[in-house]
Amino acid sequence: MPSRRKMHFVAFLLAGPTAHHHGAWRHPEADLGFFTPEWHEHIARVLEAGKFDSLFFADILGLYDLYGGSFASILRCGGQMGLLDPIPLLSIMSRATSRIGLGATLSSTFYPPYHLARSLGTLDLLSGGRVAWNVVASHGHLEAQNFGLHELPARDARYDYADEVVEAVCKLWESWDADALVLDKQRGVFADPDKVHYVNYRGRRISTRGPLTVPRSPQGRPVIMQAGSSPRGRDFAARWGELVFTLQHSKSDMQAFYQDLKSRAIAQGRAPEQCLILPSIDIILGETDAIARERQAFINDLVQTEAGMAQMSGHIGIDLSRLSPDLPLADMDIEAGSRGSLDVILQGTQAQGLTLGEAARRFATSELCPQIVGSPETVADQLQDLFESHACDGFILTPTLMPGMFEQFVRAVVPVLQARGLFRRDYAGRTLREHLQET
Ligand SMILES: Cc1cc2nc3c(=O)[nH]c(=O)nc-3n(C[C@H](O)[C@H](O)[C@H](O)COP(=O)(O)O)c2cc1C
């Protein structure tokens, strides 16, 4: 019997109180130890025991302060903040694990290519080839102002620049041949200079000479993740993304995005299975469906509408304190901000007739992505249905309780999916790219 197509799982982390669900950190069982190495080691071990393809840190290079012109709401409500730098956190997690992928969000707009190639290359080398780079072109003027610019460049210009940055970084990663390191003490040959090359990359806006200082890592090129949603962002994702993650409100929204992005990848000359598409979902588990629904009501009640308004403002680049919370949000052109976030808000607003205030609460729970709620069997049924309806290649799991949700999911749902032949029982390969290409 042919083996079944397998799901892929990636855990969404943000180094602060909130990943997506703003009630999660207020839950009585939440462990708020994220300023300690042990907390990160524990989560990495749990996810690796669950055979996740990867974990990754989202990141924002500053505190969202558009809502009412202040960061007060985000800080007070414990909103989305990348409080800590992902790279040292991933270094800690890599030491606690041996197989799981380790993804870092790093901005192509603000970090220079040589720095990106060196930092990610070092981690890929030391982790045995488990690194992913979530390439973001960044979405806030506040980030630009932290890096010496008055404002963020326009969207298409950011992506044009990002294309050059990724081209340059990939060339730097290739500047050492795989067999350039010799390490021959007898002959006194450390490395073969003929196997280390200048890059001499010259784009329209950036250039770098190379070679990189870091020898070739086991993956050669760390995995590229992407989350662009505007037409230009989707083309960028289709060109580079091996793992594309997305916010979609419903199964039919997921299917439309899936079809669109796979077609764009094919148009770029890529095989569709080289570009995996993972929508974000929340999971809330209970011993029975009824218990899970009670838990859902409890945890969603912990969300503060103000957090949602501040969060949405930061994501879409508009100060929503100026709009009425009693009217629905209308579509608009945004040059800064994330089209993916605006799209999912509009999807939910239209499908469910939400006012801005209601949409804000939903944004602060699951960013209007599905909450999948029930017993382990019910949750597995729903994941299977989405997976088999060509809505996705797997899922980005966002925590509704840290680290409890991941622990429960690994203990209760992963074995059900494994028994159904829908998820790996063990890692077949060593590198992240091998996990992603497992069929
Ligand atoms: C699911 C999802 C997650 C994202 N995570 C981040 C992030 O962690 N940091 C960031 O700066 N941008 C993040 N973004 C923003 C995008 O990567 C992108 O830079 C932004 O959406 C602008 O491109 P777009 O308008 O084409 O969507 C995310 C977007 C989506 C849809």
Failed item, numbered, when Ser229 is tested on (1) at pLDDT 95 or above; (2) in contact with an Asp or Glu (Cβ under 9 Å, 6 or more places away or on another chain); (3) closer than 23 Å to Tyr111 by Cα; (4) in a loop (DSSP other than H, G, I, E, B): (1)
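Quick grid of which residues meet (1) part of a helix (DSSP H, G or I); (2) over 24 Å from Arg430 (Cα atoms):
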residue: Gly82; (1), (2): no, yes
residue: Ala117; (1), (2): yes, no
residue: Leu142; (1), (2): yes, yes
residue: Gly148; (1), (2): no, yes
residue: Pro153; (1), (2): no, yes
residue: Arg158; (1), (2): yes, yes
residue: Val182; (1), (2): no, no
Flag for Ala380 being surrounded by fewer than 21 Cβ atoms within 10 Å (Cβ to Cβ) and either in contact with a Cys (Cβ under 6 Å, 6 or more places away or on another chain) or in a helix (DSSP H, G or I) (or both): no
Answer from Ile60, Ile74, Ile87, Ile92 - the residue that is within 16 Å of the ligand (Cβ to nearest atom) and surrounded by fewer than 20 Cβ atoms within 10 Å (Cβ to Cβ): Ile87
Complete set of residues in the stretch 292-321 that are among the aliphatic types (A, V, I, L, M), touching a residue at least 12 places away in the same chain (Cβ under 8 Å), over 16 Å from Ile345 (Cβ atoms) and in a helix (DSSP H, G or I): Ala292, Ile299
Unique residue being modelled with pLDDT of 95 or more, outside any helix (DSSP H, G or I), more than 14 Å from the ligand (Cβ to nearest atom) and closer than 13 Å to Pro222 by Cα when the list is Gly129, Gly121: Gly129
Hey, Ala191 under 22 Å from Gly228 (Cα atoms), surrounded by 14 or more Cβ atoms within 10 Å (Cβ to Cβ) and not hydroxyl-bearing (Ser, Thr, Tyr) or not: no
Any pair with Cβ under 7 angstrom, 6 or more apart, that starts in the stretch 209-231 at a residue that is farther than 15 Å from Cys275 by Cα and ends at one that is among the aliphatic types (A, V, I, L, M) and part of a loop (DSSP other than H, G, I, E, B): Arg209/Val199; Gly210/Val199; Pro211/Val199; Pro215/Ala180; Arg216/Ala178; Arg216/Ala180
Only listed residue being more than 19 Å from Glu48 (Cβ to Cβ) and small (Gly, Ala, Ser), chosen from Ser91, Ser138, Ser127: Ser138
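Condition check ((1) in a loop (DSSP other than H, G, I, E, B); (2) within 17 Å of the chain's Cα centre (by Cα)) across all residues:
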{"residue": "Lys6", "(1), (2)": "yes, no"}
{"residue": "Phe9", "(1), (2)": "no, yes"}
{"residue": "Trp25", "(1), (2)": "no, no"}
{"residue": "Phe34", "(1), (2)": "yes, no"}
{"residue": "Glu41", "(1), (2)": "no, no"}
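The values are calculated or read from the model by the stated rules, or taken from the named source; none is laboratory data. Since this is a predicted model, take the numbers as computed values, not measurements. A quick note on method: Cβ atoms are made from the backbone with ideal geometry, for glycine too, and the neighbour counts reach across all protein chains shown.
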